[in-house]
Amino acid sequence: MLAILHPNVDESSDEYKLTWETLERLPGIDLRIHTIQGKEQKLTEIYLLGNTQAIDIELVNALPAVERVVRISDEYRVLGRHADTERQTGFSYNGIDFNQETLNVFPGLCAVDNPDNVELMMKTLHELGHTTTRMGAYKPRTNPYSFQGHGKECLPYVFELAGKYGIKVVAMEVMDSSEIDEIDDALEKAGHPTGVMLQIGTRNSQNFALLKAAGRQHKYPVLVKRGFGITLNESLNATEYLASEGNTQVIFCLRGMKSEFGAPHRNMVDFGHVPIIKRLTRMPVCIDPSHSVGTRAIAPDGILDIAHVTAQGITAGANMVLVDFHPNPEEALVDGAQALKLTELSQYLEDVNLAWNTYKKRLAIWN
Ligand code: PEP
Ligand code: MN
(Lines give C-alpha, C1' and ligand atoms only; values in the text may rest on other atoms or scores of the structure.)
(Ligands and ions follow the chains in the order given, each with its own letter.)
Protein backbone atom coordinates (compact mmCIF):
# COMPACT_ATOMS: atom_id res chain seq x y z
CA MET A 1 0.00 0.00 0.00
CA LEU A 2 1.17 3.50 -0.78
CA ALA A 3 0.19 6.72 0.99
CA ILE A 4 0.79 9.76 -1.20
CA LEU A 5 1.17 12.88 0.93
CA HIS A 6 0.10 16.39 0.03
CA PRO A 7 2.73 18.05 -2.22
CA ASN A 8 5.51 19.94 -0.39
CA VAL A 9 4.47 18.52 2.96
CA ASP A 10 6.65 19.84 5.78
CA GLU A 11 8.25 17.00 7.73
CA SER A 12 8.28 19.03 10.94
CA SER A 13 4.55 19.86 10.75
CA ASP A 14 2.00 18.39 13.20
CA GLU A 15 0.05 16.80 10.32
CA TYR A 16 3.14 14.97 9.16
CA LYS A 17 4.12 13.81 12.65
CA LEU A 18 0.63 12.54 13.43
CA THR A 19 0.46 10.73 10.10
CA TRP A 20 3.85 9.10 10.54
CA GLU A 21 3.23 8.07 14.16
CA THR A 22 -0.14 6.51 13.31
CA LEU A 23 1.33 4.54 10.43
CA GLU A 24 4.28 3.43 12.56
CA ARG A 25 1.90 1.87 15.08
CA LEU A 26 0.24 -0.40 12.48
CA PRO A 27 1.16 -3.96 13.51
CA GLY A 28 3.46 -5.96 11.21
CA ILE A 29 3.95 -3.07 8.79
CA ASP A 30 7.29 -1.58 7.78
CA LEU A 31 7.40 1.94 6.41
CA ARG A 32 9.65 3.16 3.65
CA ILE A 33 9.71 6.75 2.54
CA HIS A 34 10.46 8.06 -0.96
CA THR A 35 10.71 11.67 -1.96
CA ILE A 36 10.63 12.88 -5.54
CA GLN A 37 11.81 16.39 -6.31
CA GLY A 38 10.01 17.78 -9.33
CA LYS A 39 10.70 21.19 -10.87
CA GLU A 40 7.87 22.83 -8.94
CA GLN A 41 7.06 20.55 -6.04
CA LYS A 42 8.40 17.90 -3.75
CA LEU A 43 6.32 14.76 -3.54
CA THR A 44 6.55 12.47 -0.53
CA GLU A 45 5.28 8.89 -0.66
CA ILE A 46 5.18 6.42 2.22
CA TYR A 47 5.23 2.73 1.31
CA LEU A 48 3.48 0.40 3.75
CA LEU A 49 5.16 -2.97 3.41
CA GLY A 50 4.05 -6.29 4.93
CA ASN A 51 0.59 -7.71 5.41
CA THR A 52 -1.45 -4.72 4.28
CA GLN A 53 -4.66 -6.71 3.67
CA ALA A 54 -5.87 -5.99 7.19
CA ILE A 55 -5.33 -2.24 6.97
CA ASP A 56 -8.40 -0.03 6.74
CA ILE A 57 -7.79 2.15 3.67
CA GLU A 58 -10.21 4.79 4.92
CA LEU A 59 -8.21 5.17 8.12
CA VAL A 60 -5.02 5.87 6.19
CA ASN A 61 -6.87 8.15 3.77
CA ALA A 62 -8.17 10.22 6.68
CA LEU A 63 -4.70 10.98 8.10
CA PRO A 64 -3.98 14.72 7.88
CA ALA A 65 -0.87 14.61 5.66
CA VAL A 66 -2.30 12.01 3.27
CA GLU A 67 -3.65 13.09 -0.09
CA ARG A 68 -4.67 9.63 -1.30
CA VAL A 69 -3.90 5.94 -0.97
CA VAL A 70 -3.03 3.49 -3.74
CA ARG A 71 -3.02 -0.29 -3.37
CA ILE A 72 0.13 -1.56 -5.03
CA SER A 73 1.15 -5.02 -6.12
CA ASP A 74 4.53 -6.54 -5.36
CA GLU A 75 5.59 -6.17 -9.00
CA TYR A 76 7.56 -2.98 -9.75
CA ARG A 77 6.62 -1.63 -6.34
CA VAL A 78 8.17 1.81 -6.68
CA LEU A 79 8.36 2.43 -10.42
CA GLY A 80 5.14 0.58 -11.32
CA ARG A 81 2.03 2.45 -12.36
CA HIS A 82 -0.38 0.21 -10.42
CA ALA A 83 -3.29 1.21 -12.67
CA ASP A 84 -3.05 4.74 -11.33
CA THR A 85 -3.02 7.43 -14.01
CA GLU A 86 -2.63 10.41 -11.71
CA ARG A 87 0.74 9.69 -10.12
CA GLN A 88 3.71 11.76 -11.17
CA THR A 89 6.00 10.20 -13.75
CA GLY A 90 9.70 10.93 -14.20
CA PHE A 91 11.91 13.64 -12.70
CA SER A 92 13.88 16.81 -13.45
CA TYR A 93 17.64 16.82 -13.79
CA ASN A 94 19.94 19.77 -14.43
CA GLY A 95 17.01 21.91 -15.56
CA ILE A 96 15.58 19.32 -17.97
CA ASP A 97 12.30 17.49 -17.45
CA PHE A 98 12.20 13.77 -18.11
CA ASN A 99 8.74 12.27 -17.82
CA GLN A 100 6.10 10.44 -19.81
CA GLU A 101 4.95 13.67 -21.43
CA THR A 102 8.28 15.13 -22.57
CA LEU A 103 10.65 14.29 -25.42
CA ASN A 104 14.44 14.62 -25.16
CA VAL A 105 16.80 13.60 -27.95
CA PHE A 106 20.41 12.54 -27.23
CA PRO A 107 22.32 12.46 -30.53
CA GLY A 108 26.04 11.85 -30.05
CA LEU A 109 29.06 9.62 -30.35
CA CYS A 110 28.60 5.93 -29.61
CA ALA A 111 32.21 6.03 -28.41
CA VAL A 112 34.43 9.03 -27.75
CA ASP A 113 37.44 8.74 -30.06
CA ASN A 114 39.21 12.10 -30.04
CA PRO A 115 38.66 15.68 -28.82
CA ASP A 116 38.14 17.01 -32.35
CA ASN A 117 35.15 14.76 -33.00
CA VAL A 118 33.69 15.47 -29.55
CA GLU A 119 34.00 19.18 -30.24
CA LEU A 120 32.50 18.93 -33.75
CA MET A 121 29.56 16.95 -32.40
CA MET A 122 28.87 19.34 -29.54
CA LYS A 123 29.39 22.46 -31.62
CA THR A 124 26.85 21.22 -34.17
CA LEU A 125 24.36 20.40 -31.41
CA HIS A 126 24.88 23.87 -29.93
CA GLU A 127 24.26 25.53 -33.28
CA LEU A 128 20.97 23.66 -33.49
CA GLY A 129 20.01 24.82 -29.98
CA HIS A 130 20.40 21.34 -28.55
CA THR A 131 21.54 20.59 -24.96
CA THR A 132 21.68 16.79 -24.62
CA THR A 133 24.07 14.24 -26.09
CA ARG A 134 25.54 10.75 -25.74
CA MET A 135 29.31 10.20 -25.34
CA GLY A 136 30.47 6.65 -24.63
CA ALA A 137 33.68 6.53 -22.59
CA TYR A 138 33.47 2.94 -21.28
CA LYS A 139 32.50 0.49 -24.02
CA PRO A 140 31.29 -3.11 -23.58
CA ARG A 141 32.73 -4.98 -26.57
CA THR A 142 32.06 -8.50 -27.75
CA ASN A 143 35.70 -8.97 -28.77
CA PRO A 144 38.35 -8.32 -26.08
CA TYR A 145 40.78 -7.08 -28.76
CA SER A 146 38.38 -4.37 -30.00
CA PHE A 147 38.72 -0.75 -28.84
CA GLN A 148 37.41 -0.64 -25.26
CA GLY A 149 36.77 3.11 -25.00
CA HIS A 150 39.10 5.79 -23.62
CA GLY A 151 37.55 5.49 -20.14
CA LYS A 152 38.47 8.12 -17.59
CA GLU A 153 41.22 9.57 -19.83
CA CYS A 154 38.65 11.28 -22.05
CA LEU A 155 36.35 12.59 -19.31
CA PRO A 156 38.18 15.92 -18.72
CA TYR A 157 37.85 17.08 -22.32
CA VAL A 158 34.35 15.64 -22.76
CA PHE A 159 33.08 17.58 -19.72
CA GLU A 160 35.01 20.75 -20.54
CA LEU A 161 33.66 20.81 -24.11
CA ALA A 162 30.13 20.05 -22.87
CA GLY A 163 30.38 23.15 -20.67
CA LYS A 164 31.77 25.21 -23.55
CA TYR A 165 28.82 24.32 -25.81
CA GLY A 166 26.05 24.52 -23.22
CA ILE A 167 25.38 20.77 -23.08
CA LYS A 168 23.35 20.05 -19.93
CA VAL A 169 23.25 16.26 -19.90
CA VAL A 170 25.72 13.73 -21.32
CA ALA A 171 24.56 10.09 -21.40
CA MET A 172 27.38 7.57 -20.86
CA GLU A 173 27.48 3.88 -20.06
CA VAL A 174 29.13 2.49 -16.94
CA MET A 175 30.02 -1.17 -16.51
CA ASP A 176 31.38 -1.04 -12.97
CA SER A 177 30.63 1.07 -9.92
CA SER A 178 34.24 2.33 -9.89
CA GLU A 179 33.44 4.12 -13.16
CA ILE A 180 30.70 6.11 -11.39
CA ASP A 181 33.39 7.32 -8.98
CA GLU A 182 35.66 8.24 -11.89
CA ILE A 183 32.85 10.29 -13.47
CA ASP A 184 32.20 11.91 -10.10
CA ASP A 185 35.88 12.88 -9.72
CA ALA A 186 36.18 14.20 -13.27
CA LEU A 187 33.02 16.32 -12.94
CA GLU A 188 34.25 17.67 -9.62
CA LYS A 189 37.67 18.56 -11.06
CA ALA A 190 36.07 20.23 -14.07
CA GLY A 191 33.81 22.30 -11.78
CA HIS A 192 30.52 20.63 -12.83
CA PRO A 193 30.17 22.23 -16.25
CA THR A 194 27.52 19.67 -17.27
CA GLY A 195 25.40 16.79 -15.96
CA VAL A 196 25.66 13.06 -16.60
CA MET A 197 23.03 10.41 -17.19
CA LEU A 198 24.47 6.99 -16.42
CA GLN A 199 23.62 4.21 -18.83
CA ILE A 200 23.40 0.54 -17.89
CA GLY A 201 23.79 -1.41 -21.09
CA THR A 202 21.78 -4.35 -22.30
CA ARG A 203 24.56 -6.77 -21.34
CA ASN A 204 24.48 -5.58 -17.73
CA SER A 205 20.73 -5.57 -17.28
CA GLN A 206 21.06 -8.39 -14.77
CA ASN A 207 24.29 -7.26 -13.14
CA PHE A 208 22.61 -6.82 -9.78
CA ALA A 209 25.70 -5.43 -8.03
CA LEU A 210 25.96 -2.68 -10.66
CA LEU A 211 22.21 -1.98 -10.56
CA LYS A 212 22.36 -1.63 -6.78
CA ALA A 213 25.41 0.64 -6.93
CA ALA A 214 23.70 2.89 -9.50
CA GLY A 215 20.67 2.91 -7.20
CA ARG A 216 22.65 3.81 -4.07
CA GLN A 217 23.95 6.99 -5.65
CA HIS A 218 21.28 9.63 -6.06
CA LYS A 219 23.28 12.26 -7.98
CA TYR A 220 22.85 10.92 -11.48
CA PRO A 221 19.75 9.68 -13.27
CA VAL A 222 20.14 6.27 -14.86
CA LEU A 223 19.03 4.95 -18.22
CA VAL A 224 18.56 1.18 -18.10
CA LYS A 225 18.60 -0.66 -21.41
CA ARG A 226 16.24 -3.59 -21.92
CA GLY A 227 18.09 -6.90 -21.70
CA PHE A 228 18.34 -8.27 -25.23
CA GLY A 229 17.74 -11.90 -24.30
CA ILE A 230 15.54 -11.83 -21.21
CA THR A 231 11.84 -11.23 -20.62
CA LEU A 232 10.35 -7.77 -20.34
CA ASN A 233 9.41 -8.55 -16.74
CA GLU A 234 13.05 -9.38 -15.94
CA SER A 235 14.22 -6.12 -17.53
CA LEU A 236 11.67 -4.05 -15.65
CA ASN A 237 12.74 -5.73 -12.42
CA ALA A 238 16.27 -4.51 -13.18
CA THR A 239 15.01 -0.92 -12.97
CA GLU A 240 13.24 -1.69 -9.70
CA TYR A 241 16.64 -2.64 -8.23
CA LEU A 242 17.65 1.00 -8.61
CA ALA A 243 14.40 2.26 -7.13
CA SER A 244 14.63 -0.14 -4.19
CA GLU A 245 17.99 1.47 -3.37
CA GLY A 246 16.39 4.91 -3.44
CA ASN A 247 17.12 6.15 -6.95
CA THR A 248 13.85 6.72 -8.79
CA GLN A 249 15.42 8.87 -11.51
CA VAL A 250 15.29 5.98 -13.93
CA ILE A 251 14.53 5.82 -17.66
CA PHE A 252 13.80 2.57 -19.47
CA CYS A 253 15.31 2.15 -22.93
CA LEU A 254 14.06 -0.11 -25.71
CA ARG A 255 16.98 -1.10 -27.97
CA GLY A 256 15.74 -4.15 -29.84
CA MET A 257 15.93 -7.85 -29.00
CA LYS A 258 18.48 -10.39 -30.15
CA SER A 259 16.71 -12.65 -32.62
CA GLU A 260 17.51 -14.07 -36.03
CA PHE A 261 13.98 -13.00 -36.92
CA GLY A 262 15.15 -9.41 -36.46
CA ALA A 263 17.35 -9.61 -39.57
CA PRO A 264 18.05 -7.59 -41.66
CA HIS A 265 18.01 -5.25 -38.64
CA ARG A 266 20.77 -5.87 -36.08
CA ASN A 267 18.07 -6.57 -33.47
CA MET A 268 14.31 -7.08 -33.57
CA VAL A 269 12.92 -3.55 -33.19
CA ASP A 270 10.62 -3.48 -30.17
CA PHE A 271 9.30 0.09 -30.21
CA GLY A 272 5.73 -1.23 -30.35
CA HIS A 273 6.30 -1.75 -26.62
CA VAL A 274 6.56 1.98 -25.84
CA PRO A 275 2.92 2.31 -24.71
CA ILE A 276 3.16 -0.96 -22.78
CA ILE A 277 6.07 0.29 -20.67
CA LYS A 278 4.07 3.46 -19.99
CA ARG A 279 1.08 1.40 -18.92
CA LEU A 280 3.13 -0.83 -16.61
CA THR A 281 5.43 1.80 -15.12
CA ARG A 282 5.87 5.50 -14.43
CA MET A 283 9.26 5.67 -16.15
CA PRO A 284 9.94 7.83 -19.20
CA VAL A 285 10.57 5.51 -22.16
CA CYS A 286 13.62 5.89 -24.37
CA ILE A 287 14.19 4.32 -27.79
CA ASP A 288 17.62 3.57 -29.25
CA PRO A 289 17.10 3.30 -33.02
CA SER A 290 20.86 2.91 -33.68
CA HIS A 291 21.53 -0.24 -31.67
CA SER A 292 18.27 -1.84 -32.77
CA VAL A 293 18.57 -1.17 -36.53
CA GLY A 294 22.36 -1.29 -36.68
CA THR A 295 22.87 0.07 -40.20
CA ARG A 296 22.73 3.30 -42.20
CA ALA A 297 20.58 1.56 -44.81
CA ILE A 298 18.16 3.74 -46.74
CA ALA A 299 14.69 2.60 -47.82
CA PRO A 300 13.51 3.07 -51.44
CA ASP A 301 11.58 6.15 -50.27
CA GLY A 302 14.90 7.85 -49.47
CA ILE A 303 14.46 7.73 -45.70
CA LEU A 304 17.06 6.05 -43.47
CA ASP A 305 15.79 2.90 -41.69
CA ILE A 306 16.96 4.55 -38.45
CA ALA A 307 14.80 7.61 -39.16
CA HIS A 308 11.83 5.36 -39.96
CA VAL A 309 11.94 3.46 -36.67
CA THR A 310 12.63 6.70 -34.74
CA ALA A 311 9.38 8.14 -36.13
CA GLN A 312 7.56 4.91 -35.29
CA GLY A 313 8.73 5.07 -31.66
CA ILE A 314 7.96 8.77 -31.25
CA THR A 315 4.50 8.62 -32.80
CA ALA A 316 3.85 5.84 -30.25
CA GLY A 317 4.83 8.23 -27.43
CA ALA A 318 8.55 7.64 -26.74
CA ASN A 319 10.05 10.23 -24.36
CA MET A 320 13.72 10.04 -25.23
CA VAL A 321 15.87 9.07 -28.20
CA LEU A 322 19.46 7.87 -27.87
CA VAL A 323 21.02 7.92 -31.32
CA ASP A 324 24.53 7.50 -32.77
CA PHE A 325 26.01 10.27 -34.91
CA HIS A 326 29.60 10.75 -36.07
CA PRO A 327 31.37 13.47 -38.09
CA ASN A 328 32.88 10.73 -40.21
CA PRO A 329 31.21 7.32 -39.66
CA GLU A 330 33.83 5.42 -41.70
CA GLU A 331 36.46 6.43 -39.13
CA ALA A 332 34.38 5.70 -36.00
CA LEU A 333 36.10 3.23 -33.67
CA VAL A 334 32.80 1.64 -32.56
CA ASP A 335 29.55 1.03 -34.46
CA GLY A 336 30.42 3.21 -37.46
CA ALA A 337 28.02 1.15 -39.60
CA GLN A 338 25.04 2.56 -37.74
CA ALA A 339 26.20 6.14 -37.14
CA LEU A 340 24.37 8.92 -38.97
CA LYS A 341 26.42 11.77 -40.41
CA LEU A 342 26.57 15.15 -38.69
CA THR A 343 25.29 16.65 -41.93
CA GLU A 344 22.10 14.61 -41.42
CA LEU A 345 21.46 15.92 -37.90
CA SER A 346 19.21 18.86 -38.74
CA GLN A 347 17.04 16.73 -41.08
CA TYR A 348 16.85 14.06 -38.40
CA LEU A 349 15.75 16.56 -35.75
CA GLU A 350 13.16 18.03 -38.12
CA ASP A 351 11.75 14.55 -38.69
CA VAL A 352 11.72 13.95 -34.90
CA ASN A 353 9.73 17.15 -34.38
CA LEU A 354 7.23 16.17 -37.02
CA ALA A 355 6.73 12.76 -35.38
CA TRP A 356 6.34 14.40 -31.94
CA ASN A 357 3.70 16.81 -33.28
CA THR A 358 1.95 13.85 -34.87
CA TYR A 359 1.92 12.07 -31.50
CA LYS A 360 0.36 15.15 -29.90
CA LYS A 361 -2.30 15.25 -32.62
CA ARG A 362 -2.97 11.55 -32.07
CA LEU A 363 -3.50 12.27 -28.37
CA ALA A 364 -6.10 14.90 -29.27
CA ILE A 365 -7.95 12.44 -31.53
CA TRP A 366 -8.21 9.78 -28.84
CA ASN A 367 -8.78 11.88 -25.73
C1 PEP B 1 25.43 1.80 -26.31
O2 PEP B 1 24.41 2.49 -26.17
O3 PEP B 1 26.53 2.27 -26.58
C4 PEP B 1 25.34 0.33 -26.18
C5 PEP B 1 26.42 -0.45 -26.10
O6 PEP B 1 24.08 -0.11 -26.17
P7 PEP B 1 23.45 -1.53 -25.79
O8 PEP B 1 23.77 -1.78 -24.35
O9 PEP B 1 21.98 -1.30 -26.03
O10 PEP B 1 24.04 -2.53 -26.74
MN1 MN C 1 27.28 1.22 -29.82
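The values are calculated or read from the model by the stated rules, or taken from the named source; none is laboratory data. Computed from a prediction, not measured in an experiment: that's the story for all the values here. We place every Cβ from the backbone using ideal geometry, glycine too, and count neighbours over all the protein chains shown. Accessible surface is based on the protein model in full, side chains and every heavy atom, while ligands, DNA and RNA are left aside. Shrake-Rupley method; radii C 1.70, N 1.55, O 1.52, S 1.80 Å.
Quick notes on this structure:
- Peptide ranges 223-229, 7-13, 283-289, 273-279 listed from the most packed, as the mean C-beta count within 10 angstrom indicates: 283-289, 223-229, 273-279, 7-13
- Only Cα pairs under 8 Å and 6+ residues apart enter the sum, and on that basis the relative contact order of the chain stands at 15 percent.
- Under 16 Å from a label point set 7 Å out along the Cα-to-Cβ vector of Asp10, the amide N atoms of the stretch 16-46 belong to 16-19, 42.
- Distance from the Cα centroid of the stretch 1-79 to that of the stretch 137-166 is 42 Å (rounded to whole angstrom).
- Protein heavy-atom accessible surface, 1.4 Å probe, per residue over the chain: 44 Å².
- Highest-fluctuation residue, Val334, Val293, Val69 considered, GNM on the chain with Cα pairs under 10 Å: Val69
- Rg(Cα)/(2.2 N^0.38 Å) for the stretch 103-366, N = residue count: 0.94
- Most fluctuating residue given options Asn237, Asn357, Asn319, as computed from a GNM of the chain linking Cα atoms under 10 Å: Asn357
- Those Cys residues of the chain for which no other cysteine Cβ falls under 4.7 Å: Cys110, Cys154
- Compactness of the stretch 102-250 is given as radius of gyration and Dmax, 15.1, 42 Å, from Cα positions.
- Structure remark: mean-square fluctuation, Gaussian network model of the chain, C-alpha springs under 10 Å; the largest value among Glu119, Glu331, Glu245 belongs to Glu331.
- Each part gets one Cα centre, and for the stretch 328-352 versus the stretch 201-267 those centres are 25 Å apart.
- For the chain, the mean residue ellipticity at 222 nm estimated from helices alone is -10000 deg cm²/dmol, where every DSSP H run of n ≥ 4 contributes -39500 (n - 2.57) and the total is divided by all residues, rounded to the nearest 500.
- The listed residues Met197, Met175, once ranked by accessible area (1.4 Å probe) with the largest placed first, stand as Met175, Met197.
- Carbon/sulfur fraction of accessible area - the stretch 35-186, other protein chains in place, 1.4 Å, %: 45 percent
- For the cross-link pairs Lys168/Lys361; Lys17/Lys212; Lys42/Lys168; Lys123/Lys341; Lys39/Lys219, the ones whose C-alpha atoms lie over 20 Å apart are Lys168/Lys361; Lys17/Lys212; Lys42/Lys168.
- On the principal axes of its alpha-carbon atoms, the stretch 288-363 has extents of 42, 24, 19 Å, going from largest to smallest.
- Solvent exposure, largest accessible area first (probe 1.4 Å, DNA, RNA and ligands not counted), of Ser292, Ser178: Ser178, Ser292
- Cα gyration tensor, the stretch 10-75 - rounded (a/c under 1.5), prolate or oblate: oblate
- Diffusion of the stretch 53-96 by Stokes-Einstein, at 4 °C in a medium of 1.567 mPa s and with Rh set to the Kirkwood radius over alpha-carbon pairs, works out to 101 µm²/s.
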